[in-house]
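A.B. asks: One structure, pasted below without further comment.
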Amino acid sequence: FRFKDSLAEDLRRADLVISHAGAGSCLETLEEGKPLIVVINEKLMNNHQLELAKQLHRDGHVLYCNCSTLVETLQSMDLSTLKPFPPGQPEKFALFLDKAVGFE
Amino acid sequence: GGHTTEILRLLSCLSESYSPRHYILADSDKMSEAKIRSFEQKRAETFSNSQFTLDRIPRSREVRQSWTSSMVTTLYSILYSLPLTYKLKPDLILCNGPGTCVPVCISALLLGLLGLKRAIIVYVESICRVETLSLSGKILYYFSDYFIVQWPALKEKYPKSVFLGRIV
């Protein structure tokens, strides 16, 4: 997988995704509408990377565990508790920028 | 990769008034060029006069590079960016956090101070930044005209920032 250009195809065919806490992985998965379990590697703890995963978990969009609790999580998970992830709104940015630079 | 994806999403809803677009990449970046060309190609299908350029500058800092050596490499990148920024004379600089943006913005600020060209600097912090700012963000918070964050905790910590919700 390290050498694939895009995981988009695999993502579309998946029913469940188990991923590290990288933002790209999390967001792409959520945007595809797939249930996601984020596995935190405490030894590689890059605090900045965890911020997004933690927030997504707080907002109910992902399940969260570490390597040792993964099996347990898979056995007891209830994916119906996951909330859908609304898309971002670049139109809001465009509106803001138009005003800021004086194009109105 | 993440920064490029985000910035292209930010560009997706902008009108053709934001043209020509000049992309500046780090010399070591291998993936962004293809994404940018693909984006611009699609754009050219809708807007016939769509124009863009692509330039590369030396990467100002590798991840986890030490402070002292980062100062040297960043300074080198700033000096390298000056003639490029002078040539492009941008009206607006849009950036979202890779180290590459700091030398470009600083060179634009210098050009402004010298009375040669004043650019509006708009910084959008990455969606990954929920509670803390990136290093580029911490620097450009003070030097940008508009500093946009995507999570409310950052708006609280950085009151001069703009919060529009998730925009990518």
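A.B. asks: Run the helix sum for the protein assembly as shown: -39,500 (n - 2.57) per DSSP H stretch of 4+ residues, divided by residue count, reported at 222 nm to the nearest 500 deg cm²/dmol. Before the final figure, lay out the partial values.
C.D. replies: Numbers: 11 runs with 121 residues, N = 272.
Value at 222 nm, helices only: -13500 deg cm²/dmol.
A.B. asks: Also, quick follow-up: Show me you know the interface measure: the accessible area buried between B and A, both chains summed, probe 1.4 Å, in Å² to the nearest 100. It would help to have the intermediate numbers written out before the result.
C.D. replies: On the way: alone 9820 and 7810 Å², together 15290 Å².
Buried area (both sides, nearest 100 Å²): 2300 Å².
A.B. asks: Taking every Cα atom in region B:61-136, find the radius of gyration and the maximum pairwise distance Dmax, and write them in Å.
C.D. replies: That works out to 13.2, 37 Å for Rg and Dmax.
A.B. asks: Please report the Cα spread of region B:47-101 along all three principal axes, rounded to whole Å, starting with the longest.
C.D. replies: 46, 21, 16
A.B. asks: Moving on to the next point. For chain B, what relative contact order do you get, as a whole percent, if you take Cα pairs closer than 8 Å and at least 6 residues apart?
C.D. replies: Numbers: 244 pairs, mean separation 29.7, N = 168.
After rounding, I find 18 percent.
A.B. asks: Within a 10 angstrom radius of each residue's Cβ in A:85-95, how many Cβ atoms of other chains show up on average? Whole number is fine. Display every interim value, and only then the final one.
C.D. replies: Details: counts 1, 2, 3, 10, 6, 12, 4, 6, 16, 8, 2.
Mean shielding count: 6.
A.B. asks: Another question, if that's okay. Starting from the eigenvalues of the Cα gyration tensor, five times each then square-rooted, give me the equivalent ellipsoid semi-axes of region A:1-96, largest first, whole Å.
C.D. replies: Working: eigenvalues 100, 52, 49 Å².
Semi-axes from the Cα gyration tensor: 22, 16, 16 Å.
A.B. asks: Pairs B:30/B:117; B:35/B:160; A:92/B:160; A:99/B:42: which are spaced more than 21 Å apart, C-alpha to C-alpha? Could the numbers behind the result be given before it?
C.D. replies: Numbers: B:30/B:117 31 Å; B:35/B:160 32 Å; A:92/B:160 18 Å; A:99/B:42 26 Å.
Over 21 Å Cα-Cα: B:30/B:117; B:35/B:160; A:99/B:42.
A.B. asks: Per the Debye formula with a single identical scatterer at each Cα and no solvent contribution, what log10 I(q)/I(0) holds for chain B at q = 0.10, 0.11, 0.20 Å⁻¹?
C.D. replies: Those come out to -0.37, -0.45, -1.51, one per q.
A.B. asks: Quick one, could you list the DSSP H helices from chain B stretching 15 Å or more along their long axis (Cα atoms) with average Kyte-Doolittle hydropathy of -1.0 or above? Each step should come with its number before you reach the end.
C.D. replies: Values: long enough: B:32-46 (22 Å, -1.48); B:67-88 (30 Å, 0.60); B:101-113 (18 Å, 2.47).
The qualifying helices are B:67-88, B:101-113.
A.B. asks: Across 5 Å bins from 0, what is the distribution of all Cα-Cα pair distances for the protein assembly as shown, in whole percents?
C.D. replies: P(r) over the protein assembly as shown, rounded to whole percents: 1, 5, 11, 15, 18, 17, 14, 10, 6, 3, 1, 0, 0, 0.
A.B. asks: Among all the aspartates and glutamates, which ones have a C-alpha under 14 Å from residue B:87's C-alpha, if same-chain residues fewer than 8 places away are not counted?
C.D. replies: In chain and number order, the partners are B:55.
A.B. asks: If you take every residue apart from residue A:64 with its C-beta less than 15 Å away from the C-beta of residue A:64, what net charge results, scoring Lys and Arg +1 and Asp and Glu -1? Display every interim value, and only then the final one.
C.D. replies: Details: positive: A:54, A:58, A:83; negative: A:42, A:51, A:59, A:72, A:78.
That sum, taken over residues with Cβ under 15 Å, equals -2.
A.B. asks: Can you send over the carbon and sulfur percentage of the accessible area for region A:7-101, probe radius 1.4 Å, protein chains only?
C.D. replies: Values: 2900 of 5400 Å².
Here it works out to 54 percent.
A.B. asks: Of all trypsin sites (Lys or Arg not before Pro) in region B:1-70, which ones are in loop regions per DSSP and have a Cβ with at most 12 other Cβ atoms within 10 Å?
C.D. replies: Values: sites: B:9, B:21, B:30, B:35, B:37, B:42, B:43, B:56, B:59, B:61, B:64; in loops: B:30, B:59, B:61, B:64.
Taking region B:1-70 and a limit of 12 other Cβ atoms within 10 Å, the loop trypsin sites (Lys or Arg not before Pro) found are B:30, B:64.
A.B. asks: Kindly report the accessible area of the protein assembly as shown per residue (heavy atoms of protein chains, probe 1.4 Å, no ligands, DNA or RNA), in Å².
C.D. replies: Working: 15290 Å² over 272 residues.
The answer is 56 Å² per residue.
The values are calculated or read from the model by the stated rules, or taken from the named source; none is laboratory data. Computed from a predicted structure; not experimentally measured. Quick reminder, even Gly has a Cβ in these numbers, built from the backbone with ideal geometry, and neighbours come from all protein chains shown. What goes into the accessible areas is simple: the full protein's heavy atoms, side chains included, and nothing from ligands, DNA or RNA. Shrake-Rupley method; radii C 1.70, N 1.55, O 1.52, S 1.80 Å.
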